[in-house]
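Visitor: Have a look at the structure that comes next, please.
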Amino acid sequence: MAFTGATAGYQAAAQANDTAISYAMEPNYGVPATGNYQRTRFTGENFKPTDTTQRPDEINADIEAAQAVLTQTSVAGTLSGALSYGTYDDMLAAVLGADWADNVVQNGAVVKTWTLIEKMNAKWLVRPGSYCTQAQLTFAQGSFASTSFDFSCKQQTLADADPATTYTDAPTGRVFNTVDNFVGMTVNGVAPDGCVKQVQITLARDGSGSDYGMGHADACGIRPGQILASGSTQIFFKTWDLYQVWANGTQGPIAVTVKDADGNSYVLTFLNAALRNPVIDVGSKNTSIIATFDIEGNPQAGGGTFKIQRIPAAPPAAPSGG
């Protein structure tokens, strides 16, 4: 027997490394998009359909529950990833309800839904009417910058053929780390006197949901809700300055800046935020005291709650003439 070539049939199941997730924006809600799809990067996902059933309380002599009746099938899940420049700009704009303009996106009233497709085990799971209900960005010491996007979908179907005709490759930027790439945080334009240990930003579509009717189990449409920006931060406690900001009820911009190894930056700004619920306590002996605050995003005068600015790396300087 030859000792060359590969062994077949060694896998116990389809492999996660062989899966791929892509998306395309829908011109009409719930109608699967056609044509080009954008591939994305991800570290995990947990999409699933959930059936809701009801059993009539029929009286019978068999002493058994009546046949269950399907009343609704909801589809939802979370796409998780490591934050890299340009990878999740579409989804961040969607949850903010706006389009990027001059490398800035600020919350607005635009509603965007997507068709998400997932290649798995030689078939495609198709999820039209996918609405991003929440985005979360986490920057924590000891970890990479992470993201998660929650979606509510109209339905999920299984396709034998690829729904996309062409693909745009996923961005290849390097993942933001929290050592070299965390530039800093400012509160009302001032950097805290103490190292930042963690910042978490949550952009939620408060009050959003799917509507269901009769004649089909999937959703008829969505309620987009309104943007609700919140977060939290942990900072090594050195002065009472941030506590005094809370005590005075001061509101203003809170900004987080990150810059990747190639020089591309994001500035993530609560336009009019308040610090809430300070926790500054002594946990145990031989520890450094950490100050923890919740961040409450509020609209500024004239409107506007949250803004993201992306700053591409400056092009290399042209060589000087000889």
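Visitor: Each residue of segment 207-220 in order: what ³J(HN,Hα) in whole Hz does its phi give by Karplus 6.51 cos²θ - 1.76 cosθ + 1.60, θ = phi - 60°, with x for Gly and Pro?
Guide: x, 6, x, 9, 10, 10, x, 8, x, 6, 8, 7, 6, 7
Visitor: I would also like to ask the following. Between residue 28 and residue 212, what's the calculated FRET efficiency when r is the beta-carbon distance and R0 is 25 Å? Round to 0.05.
Guide: The pair residue 28/residue 212 has a calculated efficiency of 0.85.
Visitor: Around residue 141, under 14 Å between beta carbons, what's the net of Lys plus Arg minus Asp minus Glu among the other residues?
Guide: Neighbourhood net charge equals 0.
Visitor: Sticking with the crude label model, points 7 Å out along Cα→Cβ, report the distance from residue 67 to residue 311 in nm, one decimal please.
Guide: Rounded to a tenth, the inter-label distance reads 6.6 nm.
Visitor: Hey, another quick one. Using alpha carbons only, how many angstrom separate the centre of segment 1-33 from the centre of segment 226-271?
Guide: One Cα centre to the other: 40 Å.
Visitor: Test of understanding: extend the Cα→C-beta vector of residue 236 to 7 Å, then name every residue of segment 252-292 with backbone N under 14 Å from that spot.
Guide: The answer is 287-291.
Visitor: Percent relative contact order of segment 277-320, based on C-alpha pairs within less than 8 angstrom and at least six residues apart?
Guide: Values: 23 pairs, mean separation 11.2, N = 44.
Relative contact order, segment 277-320: 25 percent.
Visitor: Springs between alpha-carbon atoms under 10 Å, Gaussian network over the chain: tell me which of 227, 254, 63 tops the mean-square fluctuations.
Guide: The residue with the greatest mean-square fluctuation here is 63.
Visitor: Just grab the label-to-label distance for residue 191 and residue 101, each label 7 Å out from Cα along the Cβ direction, in nm (one decimal).
Guide: The modelled label-to-label distance comes out at 3.3 nm.
Visitor: Which entries of 285/307; 238/259; 197/285 have Cα-Cα distances beyond 31 Å here?
Guide: Result: 285/307 exceed 31 Å.
Visitor: Here's another thing I want to ask about it. Please name whichever of 228, 84, 94 sits farthest to the positive end of the charge dipole of the chain, dipole taken about the Cα centre and charges placed at Cβ: Lys and Arg +1, Asp and Glu -1.
Guide: 84
Visitor: Compute the FRET efficiency between residue 282 and residue 59 as 1/(1 + (r/R0)^6), taking r as their Cβ-Cβ distance and R0 = 45 Å, and round to the nearest 0.05.
Guide: Details: r = 64 Å, r/R0 = 1.41.
Computed FRET efficiency for residue 282 and residue 59: 0.10.
Visitor: By a straight-distance test (C-alpha under 29 Å), which lysines pair with residue 119 as possible cross-link partners, with residues fewer than eight away in the same chain excluded?
Guide: In chain and number order, the partners are 48, 154.
Visitor: Restricting to the chain, compute how many DSSP beta bridges are antiparallel as a %, nearest 5.
Guide: Around 95 percent of the beta bridges assigned by DSSP in the chain are antiparallel ones.
Visitor: Which one, 82, 204, 191, has the greatest fluctuation when you compute a Gaussian network model over the chain with C-alpha springs under 10 angstrom?
Guide: 191
Visitor: Let me ask something additional. Treat every Asp and Glu Cβ in the chain as -1 and every Lys and Arg Cβ as +1, leave all other atoms uncharged, and give the resulting dipole magnitude about the Cα centre to the nearest 20 debye.
Guide: Working: 19 positive and 28 negative charges, 154 e Å.
Roughly 740 debye for the chain.
Visitor: Now for a separate question. Quote the FRET efficiency, to the nearest 0.05, computed for residue 262 versus residue 143 with a Förster distance R0 of 22 Å and r equal to the Cβ-Cβ distance. Present the calculation step by step, with values, prior to reporting the outcome.
Guide: Numbers: r = 20 Å, r/R0 = 0.93.
Using R0 = 22 Å, I get an efficiency of 0.60.
Visitor: In percent, how large is the relative contact order of the chain, given Cα pairs closer than 8 Å and 6 or more residues apart?
Guide: 16
Visitor: Within the set of other residues whose C-beta is less than 10 Å from the C-beta of residue 270, count the net charge using Lys and Arg as +1 and Asp and Glu as -1. Each step should come with its number before you reach the end.
Guide: Values: positive: 307; negative: 296.
So the environment of residue 270 carries a net charge of 0.
Visitor: Another question about this same structure. Just to be sure I understand the model, the point goes 7 Å from the Cα along the line to the Cβ. What's the resulting residue 160 to residue 174 distance in nm?
Guide: Label-label distance for residue 160 and residue 174, simple model: 4.7 nm.
Visitor: Give the relative contact order (percent, whole number) for segment 4-81; include only Cα pairs under 8 Å separated by 6+ residues.
Guide: Numbers: 84 pairs, mean separation 21.1, N = 78.
So the answer I get is 27 percent.
Visitor: Among 55, 39, 174, which one shows the highest mean-square fluctuation when the chain is modelled as a Gaussian network with alpha-carbon springs under 10 Å?
Guide: 55
Visitor: Still on this structure: Using helices alone, I'd like the mean residue ellipticity at 222 nm for the chain: each DSSP H run of four-plus residues gives -39500 (n - 2.57), total over residue count, nearest 500. Walk me through the numbers on the way to the answer.
Guide: Details: 2 runs with 15 residues, N = 322.
About -1000 deg cm²/dmol.
Visitor: Something else about it: State the label only: which of (i) 29, 60, 11, 0; (ii) 26, 48, 22, 3, 0, 0; (iii) 33, 61, 6 corresponds to P(r) over Cα pairs in 20 Å bins from 0, in percent computed from the shown model?
Guide: Given (i) 29, 60, 11, 0; (ii) 26, 48, 22, 3, 0, 0; (iii) 33, 61, 6, the calculated one carries the label (ii).
Visitor: Now, a different point. So which aspartates and glutamates pass the test for residue 123, namely a Cα distance under 20 Å, with those fewer than 8 places away in the same chain ruled out?
Guide: Answer for residue 123, where 20 Å is the Cα cut-off: 18, 45, 160, 162, 169, listed by chain and number.
Visitor: Could I ask something else about it? I'd like the Karplus ³J(HN,Hα) series for segment 112-124: coefficients 6.51, -1.76, 1.60, θ = phi - 60°, whole numbers in Hz, and an x wherever there's a Gly or Pro.
Guide: For segment 112-124, the Karplus-derived couplings read 10, 10, 10, 9, 9, 10, 10, 7, 8, 6, 6, 10, 10 Hz, x marking Gly and Pro.
Each reported figure results from applying straightforward, stated rules to the coordinates on display, with no laboratory input. As the structure is a computational prediction, the values presented were derived from the model and not from experiment. Please note: Cβ atoms are built from the backbone with ideal geometry, for glycine as well, and neighbour counts cover all protein chains shown.
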